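Written out below as structure tokens is the structure these notes cover.
The values are calculated or read from the model by the stated rules, or taken from the named source; none is laboratory data. Please read these numbers as outputs of a predicted model, since none were measured by experiment. Cβ atoms come from the backbone with ideal geometry, glycine included; neighbour counts cover every protein chain shown. Accessible surface is based on the protein model in full, side chains and every heavy atom, while ligands, DNA and RNA are left aside. Shrake-Rupley method; radii C 1.70, N 1.55, O 1.52, S 1.80 Å.
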Amino acid sequence: MKKVAEVVELYRKLARIPQPSWARISKSLGSCAVVNSVWTYRDLERADKVQFAKTYCANKTSEAKYEVTFTSRPQELANEQWNVESPSGNLRAIVRKITGKKNEEKQFVEIWNGSQKLQNIDVLSLEKHGKIYDNDGYFGSVEWSHSEGHLLYVAELKYPKAISFFEKKHADVKEDETKKDETKEKGVKGEEYVMKEEWGEGMVGKHHPVICILDVDTGDIRILDNVPDHVSPGHVVWAPDDSGVVFTGWCHEPYRLGVIYCINRQSAVYYLDFQKATCEALTDPDGAARCPVFSPDDSSFVFLQSNRKGPHNHCSCLCKYDWQKKESTVVCDIVGTPKQNGFPGVYEVTIPRDCWSTDNKRIVIGSLWRSQAVILVINTETKAVIRLPSDCGGDISVCHVWNDVIIATCSAPNQPHYLVIGQLPAEGQEFNIQWSPLDSPSALFGDILWKILVHRPTKERIHPKYDTLDYESVFIKPSNAEQSSRSLVVFPHGGPHSVFTTEFMLYAALFCQSGFSVLMVNYRGSVGFGNDSVFSLLGNVGDQDVKDVQAAAEEVISKEDIDPNKVVIWGGSHGGFLTAHLIGQYPSFYKAAVCRNPVINIASMSGSTDICDWNFTECGLEFEYKSLADGNSMSIMWSKSPLQYVDKIQTPVMLMIGLDDRRVPPKQSYELYKALKARKVPVRYIAYPDNGHPIVKVDSEADAFINIYKWFTDYLPQ
Ligand SMILES: CC(=O)N[C@@H](C)C(=O)N[C@@H](C)C(=O)N[C@@H](C)C(=O)O
């Protein structure tokens, strides 16, 4: 087993491995494919995620292969929130975040041509709107009009200045007048401390987004004011002929529920028509539709449709809206239980902005296929679905599609991420795509082996309604027996409706290179296995998921070279919930446990989480906005919570929380901390400031890993 000091150096080395966060094909047509990319790595010395840009030129050497003829050196990027090329490739819009002389945050909208900056607008000083949203995958949008004369973006609504009742300057302004337009510029009395609901975890400062249109020539900015008042717009795109805008509108009445990771929120696709000054829902306003992406000829757009209410993540329906006929059709329906390893349905929160083939028939999107991230080519006319092969046998995710050229990211548990380019083959030949790496990928970790394990529930654990369901784990281990400590980290994911895939993950690789094997369990309820798997867990959390993880752990211990006395466990959020359950229900099995922002008591969480509906839904209870966690609900929630087993816990527990977590409040961990302290069970509570639900600040993430490693090795038999 490596010493802590050795693992610190190993962390330093692996943290430097960059990961592509963005890659697009430049639209300036030329003889070669010019690919712009942005990479991110963890800079421990600066305690910051540092971004750099790299550009590649790739020439086609045959019908399908490319040869990279030029690679730029890495160019560190500073303060770029958005960088969007115009349709012709002749212009570029950049939103840049700067700290002003008085240490205030400023945002500049820059318009560049090929050689100079044409506009440089200090937008916040104009007081037309609040901060421009970043690319959060929901509301943030920056889009060029087809004409390239306008740029749309999404920003926070500008509120009237709040003034104190006691401010003498406006003593003459009566309270009842301050809400009237003619006095608003003076300010509104008594509003200084009124709470503005935000969209929950990961959406700090995002209360009411508005759509802004910049005239690129004049620099004038107007706010679209005919978006329905009860709707927060996002995924905003230009309508055909720049006749208006089409967007996802999330309903924020009667109150906002956390939206990140939650595709079940009430939302519809809207069309705001400039000429008619109307804004109409093109999909069911009571449904959960999102993310319109137009075909190159603007004849139609695809969008995703989910179940409203119910589980927060699940299989989505891929639909197509015919712009002329004004009607939607289903292209890929929801899949309950796929045929043996067959197409499990579409699992994606958003669709890439450019995903269509030039024939206006096919789209190229990312999805999940059991324990792997995959790329699907879906023919929106024939409804045929083709899974593209990965380049390295692990995950492959689409970055950009343009002119039938695909840029994708590949990785595997022993292969850091790298970019590939491929020409989309003709219809029906897609599986024959040839990938060409754009970069020589970081060295394969030859000392890490991985495989996907399939688990079948034992007879007594078969779900009464969904009796054919199986589940999987991603298992990684040191390739060299001498390197192996024969120890095992059992690692259930959170959600619960999420999934571990075969991508490169820093913590898993670090554990493995430090001598641990790692078992990442995709228990029933994970996404990517069909909707029936997701629904099989509702009402069964704390039992079905717990037994699935335990059975997977016992299976691996029996089949692999693992010492049963050297098994530890760790998980975050719902994964932390499972960790706490497992050490309570199997008290002598795990030698040490770590929980990151764990759900400990579903009942007490329900009053303070941004997703109170989750507490009802996962416990098999109906949720309405007016639902109250009354005695009956609370007792059901308690009956599924791990805290009930605290008297059985012997395993030393380390709790790690993000102090700004809005999803699972830090007090959840504090409940377990106190209970264990009172029972003299070894417990350690680490609180990271400036971290939310995922603990991903560079210095916090690094400290957390070393603390986890030390916690495990302190309690494992040497
Ligand atoms: C799928 C998913 O994330 N569901 C959300 C409702 C959610 O945030 N669930 C949390 C309880 C959770 O477990 N989150 C996971 C993703 C985590 O690891 O943070």
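Quick notes
- Of all residues making up segment 545-581, the number that are within 16 Å of the ligand (Cβ to nearest atom), farther than 21 Å from TYR507 by Cα and not β-branched (Val, Ile, Thr): 3
- In the set (1) in contact (Cβ under 8 Å) with a residue 40 or more places away in the chain; (2) open to solvent by less than 50 Å² (accessible area, probe 1.4 Å); (3) touching a helix residue (DSSP H, G or I) at 6+ places or on another chain (Cβ under 8 Å); (4) assigned by TED's automatic domain parsing to the domain that holds LEU538, ALA675 fails one condition alone, (1).
- Output for segment 274-325, where each listed residue is of a type in the set (Asp, Glu) and not in a strand (DSSP E or B): ASP284, ASP286, ASP297, ASP298
- The residue pairs whose first member lies in segment 123-148 and is within 18 Å of SER86 (Cβ to Cβ) and at pLDDT 95 or above, whose second member is surrounded by fewer than 16 Cβ atoms within 10 Å (Cβ to Cβ) and polar (S, T, N, Q), and whose beta carbons are closer than 7 Å, counting only pairs six or more residues apart or on different chains, are GLU148/SER88.
- Unique match (being under 30 Å from PHE535 (Cβ atoms) and at pLDDT below 95) among ARG308, ARG290: ARG308
- Residue within segment 58-68 that is open to solvent by 40 Å² or more (accessible area, probe 1.4 Å), of a type in the set (Asp, Glu) and outside any strand (DSSP E or B) present: yes
- Meets criteria (part of a loop (DSSP other than H, G, I, E, B), in the same structural domain as ASP548 (by TED's automatic domain parsing) and either within 13 Å of the ligand (Cβ to nearest atom) or open to solvent by less than 10 Å² (accessible area, probe 1.4 Å) (or both)) for ASP610: no
- Counting residues in segment 656-674 that are among the hydrophobic types (A, V, I, L, M, F, W, C) and in a helix (DSSP H, G or I) gives one or more.
- In the set THR350, THR382, only one residue is in a loop (DSSP other than H, G, I, E, B) and within 19 Å of GLY495 (Cβ to Cβ); that residue is THR350.
- Cβ pairs under 8 Å, 6+ apart, first in segment 211-232 and within 25 Å of TYR255 (Cβ to Cβ), second exposed (fewer than 14 other Cβ atoms within 10 Å of the Cβ): ASN226/ALA277; ASN226/THR278; HIS230/GLU253
- Of all positions in segment 614-626, at least one carries a residue that is out of contact with any Lys or Arg (no Cβ under 8 Å at 6 or more places or on another chain), within 30 Å of PRO682 (Cβ to Cβ) and either assigned to a loop (DSSP other than H, G, I, E, B) or not assigned by TED's automatic domain parsing to the domain that holds GLY692 (or both).
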